[in-house]
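Chemist: This is the structure, below, for whatever I ask next.
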């Protein structure tokens, strides 16, 4: 279990969501952090309140994200078009990003999604050319 608390900037916006979305987000975030505890977490509030998980400190090195919309959230994959998805779980039509709609814990707490997340982490680590990787940072890009 991760000991990482949710950043106050993010909590300030998250607290306005329905409790069911907050609970689902919190558990999904924990699930991602359990698989890669040293992930950096970049926080944004644009069209969605989003936490992005990266191997470095920049968006382009992300492996997955959790965007929270008004009534739902997704588990997004930055390079979803190139990771192996034998069960065809990923949705979307973008050039790179694909997502899984999340309605319940069973939508992500399963072996197929675990495999997708681990593949995305491996790909992000392979793609980086950095010699030093900052780990476990929480970086808020949220303007209050």
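Chemist: Assess whether residue 26 counts as being within 13 Å of the chain's Cα centre (by Cα), at pLDDT 95 or above and in a helix (DSSP H, G or I).
Modeler: Considered against the rule, which asks whether it is within 13 Å of the chain's Cα centre (by Cα), at pLDDT 95 or above and in a helix (DSSP H, G or I), residue 26 comes out as yes.
Chemist: Right, another one. Just one of (1) surrounded by fewer than 16 Cβ atoms within 10 Å (Cβ to Cβ); (2) under 23 Å from residue 4 (Cα atoms); (3) over 11 Å from the mean Cα position of the chain (by Cα) trips up residue 72, so point out which.
Modeler: Single failed check for residue 72: (2).
Chemist: Right, something else. Quick one: is residue 78 loosely packed, with under 11 Cβ neighbours inside 10 Å and under 18 Å from residue 28 (Cα atoms)?
Modeler: no
The values are calculated or read from the model by the stated rules, or taken from the named source; none is laboratory data. Owing to the predicted nature of the structure, the values given are computational and were not obtained by experimental measurement. Cβ: placed from backbone, ideal geometry, glycine included. Neighbour counts: every protein chain shown.
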